[in-house]
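Engineer: Have a look at this one before I ask anything.
The values are calculated or read from the model by the stated rules, or taken from the named source; none is laboratory data. For clarity, every value in this text was computed on a predicted model and none was experimentally measured. Because the Cβ atoms are built from the backbone with ideal geometry, glycine has one as well, and the counts that use them run over all protein chains shown. Calculation scope for accessible area: heavy atoms of the full protein, side chains included, ligands and nucleic acids excluded. Shrake-Rupley method; radii C 1.70, N 1.55, O 1.52, S 1.80 Å.
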Amino acid sequence: MSNELQCFVISPIGQPNSEIREHADAVLKYIIRPALIQIQNEGGPIIKAVRSDEIGTPGKIEEQMIYAILNHELCIAILSGSNANVYYELAVAQSAGRPVVLMCYSGEPLPFDVKDYRTIYYDLKPKSIKEDTWVSIVAEQIQAVLKSDYTPPAILKKYTRSKEGTKSYLLNTQSKEFGDKPEFNETVRQTKSRCDLMGIALTSWGLRESTSVLKDLGNRRVETRILTVDPNNPSVEYLINDRLPLETVSSVKASSEKMAIHFSNLAKEYPTITTRTIHKGLPHHQIIITDQTALILQYMFSRGTGESPLLQIPKDTELYNVFAEEFEELWKLNEPE
């Protein structure tokens, strides 16, 4: 459901049947999820709570956890038990300025670093559970952090150069620092309603694992649009620096032609995948836009794509919309006659 919001639950998990797991399950079952249902019943948004052990898609757990913290609409952190992993994930969330609701079991002390943040001190007594004592309180806090005028505490705020409201941007000096190609695959795999891809050739999306991600989007009927440069576009020869290793005008044109055929074959197989080639205009970036984030890789004449800066932008920001409009303009400009 495209209008469904995502809530990542930062929580101690423990082994199955352990006291830690039973406690975590009880908080999720008797407090958090009922609070989300209450919000929905009161006319609020549909919110799905997901804990790291409930993420069903293939991939590295740590990468999926980081992705969820940075891209889900909010997080709920259960600080009970002073779990080191929980505090690590909370630090990630607060460093990125994400909306977080804090919860801790009543009577447990909090460390100096977080004790001044607003925290819900709950208990799991039968009476509390039966009377939903904490449900309304948690629901109220969730609604508060989701308000457009809410400003989350960002512990690195003064050190973050690129800011827009409460959304921070991640700018890497080199795109390869973002991770290997499967990391880009993971970003696309997480999308639910849209995926726009644009680049000169997008050769990495011809790899087996990347192709399987696109096929998965097709099977899930996610609207996917792919733009690559027409090899006959006169601008191609001016885009490529022949002095760079592994990059020549002829090889790039060959790759563009090959990938255009590859994407066209996917489009024939999956009705929700559409592809066009850019014969008018010129892409200055490689763009990946999903319903959660935008990855913008700057094309540079002085270095290859793997060495170029990468910008990760959260949705609902002006900069996200700017690059979405850039894709849209080139998509319309190159509509088949």
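Engineer: Go through 127/192; 48/332; 48/268; 258/280; 215/332 and tell me which ones have a Cα-Cα distance over 28 Å in this structure.
Structural biologist: Numbers: 127/192 39 Å; 48/332 35 Å; 48/268 34 Å; 258/280 19 Å; 215/332 24 Å.
In this structure, 127/192; 48/332; 48/268 lie more than 28 Å apart at Cα.
Engineer: Taking R0 as 30 Å, what's the FRET efficiency between residue 257 and residue 319 from their Cβ-Cβ distance, rounded to 0.05?
Structural biologist: Values: r = 32 Å, r/R0 = 1.08.
Efficiency computed from Cβ-Cβ geometry: 0.40.
Engineer: Accessible area per residue for the chain in Å², computed with a 1.4 Å probe and the full protein assembly in place, what is it?
Structural biologist: On the way: 17550 Å² over 337 residues.
Result: 52 Å² per residue.
Engineer: Additional query: Non-local amide H neighbours of residue 76 (under 5 Å, H modeled in plane, Pro and chain starts lacking H): which ones?
Structural biologist: When sequence neighbours closer than 5 places are left aside, the close amide H contacts are 8, 9, 10, 101.
Engineer: If DNA, RNA and ligands are ignored and the probe is 1.4 Å, what is the ranking of 263, 301, 184 by accessible area, most exposed first?
Structural biologist: Largest accessible area first, the list is 301, 184, 263.
Engineer: If you don't mind, another one. Report which label in (i) 19.3; (ii) 16.6; (iii) 15.3 holds the value of mean projected area of the Cα convex hull in nm² derived from the coordinates of this structure.
Structural biologist: (i)
Engineer: Using a cut-off of under 16 Å, list every residue of the range 1-41 whose amide N is near the label point 7 Å from the Cα of residue 82 along the Cα-to-beta-carbon line.
Structural biologist: 12
Engineer: Next question. Give me the net charge for the shell around residue 325: Cβ to Cβ below 13 angstrom, other residues only, Lys and Arg +1, Asp and Glu -1.
Structural biologist: Details: positive: 332; negative: 196, 318, 326, 328, 329.
With Lys, Arg at +1 and Asp, Glu at -1, the net is -4.
Engineer: Out of the total accessible area of the range 1-117 (probe 1.4 Å, heavy atoms of protein only), what percent is carbon and sulfur? Each step should come with its number before you reach the end.
Structural biologist: On the way: 2900 of 5570 Å².
Its accessible area is 52 percent carbon and sulfur atoms.
Engineer: Separate question: Applying the Karplus parametrisation 6.51 cos²θ - 1.76 cosθ + 1.60 with θ = phi - 60° to the phi angles of the range 194-210, what ³J(HN,Hα) value in whole Hz is obtained for each residue in order, glycine and proline being reported as x?
Structural biologist: Residue by residue, the range 194-210 yields 7, 7, 10, 10, 9, x, 5, 10, 6, 4, 5, 7, x, 5, 4, 5, 5 Hz.
Engineer: Here is a follow-up. For the range 69-112, report the convex hull volume of the alpha-carbon atoms normalised per residue, in Å³, without decimals.
Structural biologist: Once divided by residue count, the hull of the range 69-112 is 68 Å³.
Engineer: With each pseudo-label sitting 7 Å past Cα toward Cβ, what's the residue 131-residue 243 distance in nm, one decimal?
Structural biologist: It is 7.7 nm.
Engineer: Return, ordered by residue number, the residues of the range 276-316 whose backbone nitrogen is under 11 Å from a label point located 7 Å along Cα→Cβ of residue 235.
Structural biologist: Residues 278-285 fall inside that zone.
Engineer: Hey, any idea what % of the range 180-337's accessible area is carbon plus sulfur with a 1.4 Å probe? Numbers along the way, then the final one.
Structural biologist: Numbers: 3840 of 7730 Å².
Exposed carbon and sulfur together represent 50 percent of the surface.
Engineer: Moving to a separate point now. What residue among 67, 270, 117 shows peak mean-square fluctuation when the chain is described by a Gaussian network model with Cα springs under 10 Å?
Structural biologist: 117
Engineer: So what J values fall out for the range 315-324 if you push phi through Karplus, 6.51 cos²θ - 1.76 cosθ + 1.60 with θ = phi - 60°, rounded to Hz, Gly and Pro as x?
Structural biologist: Running phi through 6.51 cos²θ - 1.76 cosθ + 1.60 with θ = phi - 60° gives 5, 6, 10, 4, 5, 4, 5, 4, 6, 5 Hz.
Engineer: I would also like to ask the following. Per residue of the range 269-279, what does 6.51 cos²θ - 1.76 cosθ + 1.60 with θ = phi - 60° give for ³J(HN,Hα)? Whole Hz please, x for Gly and Pro, Karplus curve as stated.
Structural biologist: Taking θ as phi minus 60°, the curve returns 7, 10, x, 8, 9, 10, 9, 9, 10, 8, 9 Hz for the range 269-279.
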